[in-house]
1. Simple spin-label model, 7 Å along Cα-to-Cβ: residue 307 to residue 43 in nm?
2. With label points built 7 Å along Cα→Cβ from the Cα atoms of residue 221 and residue 406, find their separation and express it in nm.
3. Need one word for segment 303-400: rounded, prolate or oblate. Basis is the Cα gyration tensor (sqrt eigenvalues a ≥ b ≥ c); a/c below 1.5 gives rounded, then a/b vs b/c decides.
4. What distance in nm separates the two pseudo spin-label positions at residue 368 and residue 153, each 7 Å out from Cα along the beta-carbon direction?
5. Compute the Cα gyration tensor for segment 91-438, then decide on rounded, prolate or oblate, letting a ≥ b ≥ c be the square roots of its eigenvalues: rounded whenever a/c is under 1.5, prolate when a/b is larger than b/c in the other cases, and oblate in all that remain.
6. Residue 460 to residue 442: extension gain in nm, 0.36 nm per residue of separation minus the Cα-Cα distance?
7. Take the Cβ-Cβ distance between residue 32 and residue 80 as r, set R0 to 30 Å, and report the resulting FRET efficiency rounded to the nearest 0.05.
8. Which order results if 300, 368 are arranged by neighbouring Cβ count within 10 Å, fewest first?
């Protein structure tokens with residue numbers, strides 16, 4: 001990385017020499033400096049990640065975020081030694097360009113079924129838990145400041161601004177570990193969902209306390225506090241509303257891009273980003289807006305675009321998200337060297353202790369409450385991982401550098417936040433993997449569910465909804481069944497291409513069955529392409545108990561067979577021009593239908 005500093009120095013010298021000598025082809029470094037610097041950072045980080053992938057002993061113990069921070073640290077020291085260390089992360093760049101791809105990626109790839117199944121715990125952790133952490137940490141630090149043990153004094157609202165940003169969790173470091181170990185879905189979705197919406201709530205609290213800075217504390221009355229508290233809910237719900245509106249707009253726009261397929265991916269990224277900017281413009285929660293937009297739109301968008309386009313969207317989303325993460329963590333490493341720091345060891349130690357202590361208390365108390373009403377309980381090991389996994393990262397750093405310069409304690413807040421992130425990423429991030437293995441946390445089953453299991457799971461959902469109806473309760477299964485009917489009869493025909501209105505209560509069961517049939521057929525087709533002559537009949541008949549499935553769902557399939565085979569899997573078969581395969585499949589299906 002020494003060549004980066006050398007390159008900057010030489011180009012600047014060449015530019016000066018060219019201007020003084022009036023050469024024909026002068027270097028115009030200042031015109032491309034910002035973009036070129038970002039490109040070099042991304043290139044260095046990408047090369048570093050390639051190198052790390054070959055150093056298995058490093059990646060086995062160190063999270064990706066910690067490795068990128070190390071790269072940023074090295075680069076920061078080089079720039080410092082060459083007197084080129086005037087680099088910092090601008091708040092506008094962070095919130096308008098770097099943060100949206102990260103949040104959109106989290107929302108778009110959120111497993112919706114698991115999310116809504118655990119929405120009670122996720123909302124409790126992310127809303128009540130974040131508010132608890134903010135006021136508990138801020139109140140404790142404020143109380144200690146009364147004894148003059150900190151070297152810099154701060155006001156009530158200034159310390160609560162700091163407390164709100166250190167309450168934000170970063171899902172990246174721990175989620176990477178969870179994915180590698182294949183931790184169970186229950187724990188994964190609770191940590192992932194909480195981290196996503198915890199970030200949004202932290203930003204809402206941060207902005208709420210920022211609005212108090214310009215006010216004199218002695219002039220505030222009850223209505224001022226009540227209105228700010230009410231604005232907390234208005235800002236959050238406003239973000240949800242904007243996210244839903246722009247999700248529907250994206251779905252409707254992609255519905256009519258079948259003739260111009262190249263436009264669809266552009267709309268999928270552009271319209272949600274406009275939703276983020278719109279929410280930011282009207283002072284609603286932009287993070288919630290783009291996260292909700294990604295969650296709502298994906299089921300409709302995937303039905304409007306081809307499989308290849310869906311894969312392109314998937315990989316490009318991951319690329320820009322990881323690139324943004326790389327830039328943020330490299331800035332974090334750079335800031336360790338280049339930023340103005342103020343070290344207060346007592347304040348740093350108190351902050352780290354209170355963040356761990358109050359998060360543990362919050363998680364234990366909330367899990368105790370949830371376990372009284374949930375069928376799936378939070379075990380003691382799960383509670384420990386939830387408490388230990390509240391790592392700080394991109395959001396906390398982005399917010400702390402955005403604190404107004406008028407706050408005298410800002411340098412101390414920046415230094416403390418960086419120290420807290422380093423503690424979380426390097427100490428907790430490194431130890432979380434062996435702790436998960438030591439505590440024998442339940443891992444996700446690698447066995448793929450059979451066709452019968454998948455269909456009967458859907459069938460069980462409807463049976464549970466029926467039981468709730470009989471008992472006169474409006475529980476989770478009842479709400480899901482009602483939404484499925486509304487989604488099939490109203491929303492999908494509006495927002496999806498070639499989707500007809502469905503009135504059958506068993507639509508999701510049949511859809512699950514048909515999707516699995518075609519998915520299996522596609523897998524057999526691909527295996528046939530890579531092997532010698534294989535009879536399709538030998539693949540479809542053995543293994544699954546097809547007779548039971550046809551007996552159970554045969555009469556429903558008779559009404560839907562010709563209308564509903566519009567799935568992406570069949571579209572991919574057509575894209576591969578497998579007419580012979582399709583006719584063979586149809587012949588077998590017709591034969592089986594006649595048996596039924």
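1. Those two pseudo-labels are separated by 3.7 nm.
2. Going from the residue 221 label point to the residue 406 one covers 2.3 nm.
3. Note, shape of segment 303-400 comes out oblate.
4. Result for the modelled spin labels: 3.9 nm.
5. prolate
6. That works out to 4.1 nm of additional length.
7. For residue 32 and residue 80, the calculated efficiency is 0.80.
8. Result, fewest neighbours first: 368, 300.
Every number in this text was worked out from the coordinates using simple rules, so none of it is lab data. Here the structure is a predicted model, which is why all the values come from computation and not from measurement. Glycine also receives a Cβ, built like all others from the backbone with ideal geometry; neighbour counts cover every protein chain displayed.
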